[in-house]
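Heads up: the structure comes next, in structure tokens.
The values are calculated or read from the model by the stated rules, or taken from the named source; none is laboratory data. Note that the structure is predicted; figures quoted are calculated from it, not measured. FYI the Cβ positions are ideal-geometry reconstructions off the backbone, even for glycines, and counts take in every protein chain you see. Areas reflect the complete protein model, heavy atoms only, side chains present, ligands, DNA and RNA absent. Shrake-Rupley method; radii C 1.70, N 1.55, O 1.52, S 1.80 Å.
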Amino acid sequence: MPKPISLSNRGRNAPASPIRSLAALARTAVDAGVDVHFMNIGQPDIPTPRGMIEAYQAYDEQVLAYAPSDGYIEYRQGLAGYYNDLLDSNPVSPDDIVVTVGGSEALLFAMAAVTDPGDSILVCEPYYTNYAGYANMLGLGVDAVTTTPGNSYRIDPADIEAGITATTRAIVIPSPGNPTGVVLDEAQLDAIIDICTRHGIFYISDEVYREFVYDAPAGTRAPSVLSRPGSEECAIVIDSVSKRYSACGARVGCLVTRNQDARRAALHFGQARLSPASVDQHAGLAALQTPRSYFDEVVEEYTRRRNMLVDGLASIGIEVERPRGAFYLAVALPVEDATAFSEWMVSEFTLENETLCVAPLEGFYHTPGLGRNEIRMAYVLEQEKLGRCIGILGAALEAWNQKH
Ligand SMILES: Cc1ncc(COP(=O)(O)O)c(C=O)c1O
């Protein structure tokens, strides 16, 4: 008699990414010949720095060998130089860094290093939902502090402290933020470090959008927790080449921490998966030579896109604050159910044979029922396309609200 076979609870409960939830509907629309504008995922269209592409082209080894589990020393030295450029004192050493398979693996390693099953991570919702995916993999709960569109999704450290529970082991916050674009200032970083220190919990600071800061002098980067005194024990920084160099396919990231116990744990996790990609680290090393002017131009371009999107939304009656960082806009729509609206828009609505794919924001909240009328728009398309996206959204909202 065969025995029934079943998945683990973890396998059964693994949440699907809300960022990709409309992908199948969008694919059907594309197959039907509709021109779909994808604003649902943070896949930038900005060209990758030439030096990085050339490093791939020049790669000419006889054997594609494993790299050391914590990454090539040359790359870690290069990364330490990059971080030390952000810091006035207390330099980062290559031995504070573990190279990972994207920022994603750095998040998994960091969370795994500081939690046990039954513990929880604290997030500020709406939040980058893959944090919930890792929490599920690791048997963790999620504690959520709610930020609201009415308050421009501002993060108040006092709310974070009030949100800590008996099981909280780490606070996980991206700055600049996905999906809200909120950038934490130094006082907020210090307040969170202070909370972590008093409560004996870790601060996993996801800084993959560090360069994308707007309305600031050229070259401004979001403050890093690494630069803040008192962060040595509690801080683990998550980083990645994906967004910085418009190189999401390179799959190189890293984890940086001066806490040597946390670093050792991450190294041991790294040994279990053997090696991060070797070729991509060479490209990552070349990327570190990217001139400042590249980022100045990219930031100018994203600023123009953000402004165009915010102004365009205002022109169709939707007021949104200009977020200061990253390349996402969380938008409260004049509809009751933004998920149903977004699904309908991408599968049934067209304007001159074009439609729009966005990410419903409900799935970015931990608390059920929140974010029902919100979406996230990634401004990763050129301005001319963004203008068309606004036109499609405006027309779709009109048609939807006539039906409902
Ligand atoms: C906030 C945040 N952290 C981490 C990541 C992970 O990116 P990657 O694994 O490509 O480095 C992303 C990707 O979208 C992100 O938005």
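Quick test for you: out of Val335, Val358, pick the one residue that is more than 12 Å from Trp400 (Cα to Cα), modelled with pLDDT of 95 or more and buried (at least 19 other Cβ atoms within 10 Å of the Cβ).
Val358
From the list Ile193, Ile238, Ile171, which residue is within 11 Å of the ligand (Cβ to nearest atom) and in contact (Cβ under 8 Å) with a residue 24 or more places away in the chain?
Of Ile193, Ile238, Ile171, the one residue that is within 11 Å of the ligand (Cβ to nearest atom) and in contact (Cβ under 8 Å) with a residue 24 or more places away in the chain is Ile238.
Have a look at Tyr56, Tyr83, Tyr66 and point out the one that is in the same structural domain as Phe202 (by TED's automatic domain parsing), assigned to a loop (DSSP other than H, G, I, E, B) and away from the ligand (no atom under 16 Å from the Cβ). Give the derivation first.
On the way: Tyr56 fails: assigned to a loop (DSSP other than H, G, I, E, B); Tyr83 fails: assigned to a loop (DSSP other than H, G, I, E, B).
Residue meeting the stated conditions: Tyr66.
Being within 16 Å of Leu255 (Cβ to Cβ), out of contact with any Leu (no Cβ under 9 Å at 6 or more places or on another chain) and not β-branched (Val, Ile, Thr): is that true of Ser104 here?
Here the answer is yes, as Ser104 does meet what is asked.
Please pick out the residue among Leu274, Leu267, Leu255, Leu226 that is away from the ligand (no atom under 14 Å from the Cβ), touching a residue at least 60 places away in the same chain (Cβ under 8 Å) and open to solvent by less than 30 Å² (accessible area, probe 1.4 Å).
Only one candidate passes the filter, namely Leu226.
Of everything in segment 297-332, what is among the acidic types (Asp, Glu) and either within 12 Å of Leu397 (Cα to Cα) or open to solvent by less than 50 Å² (accessible area, probe 1.4 Å) (or both)? Give them in sequence order.
Correct list: Glu301 only.
Is one or more of the residues making up segment 213-222 crowded, with 21+ Cβ neighbours inside 10 Å, of a type outside the set (Gly, Ala, Ser) and within 16 Å of the ligand (Cβ to nearest atom)?
Looking through segment 213-222, at least one residue is crowded, with 21+ Cβ neighbours inside 10 Å, of a type outside the set (Gly, Ala, Ser) and within 16 Å of the ligand (Cβ to nearest atom).
Between residues in segment 24-49 that are outside the structural domain of Thr180 (by TED's automatic domain parsing) and part of a helix (DSSP H, G or I) and residues that are at pLDDT 95 or above and of a type in the set (A, V, I, L, M), which pairs lie under 8 Å by C-beta distance while being six or more apart or on different chains?
Within 8 Å, the pairs are Leu25/Val346; Ala26/Val36; Ala26/Val346; Ala29/Val36; Ala29/Val346; Val30/Val36.
Hey, does segment 26-36 have a residue that's touching a Lys or Arg at 6+ places or on another chain (Cβ under 9 Å) and modelled with pLDDT under 95?
Checked segment 26-36: no residue is touching a Lys or Arg at 6+ places or on another chain (Cβ under 9 Å) and modelled with pLDDT under 95.
Could you please let me know if Tyr75 is open to solvent by less than 30 Å² (accessible area, probe 1.4 Å), within 24 Å of Leu267 (Cβ to Cβ) and either within 15 Å of the ligand (Cβ to nearest atom) or part of a helix (DSSP H, G or I) (or both)?
Here the answer is yes, as Tyr75 does meet what is asked.
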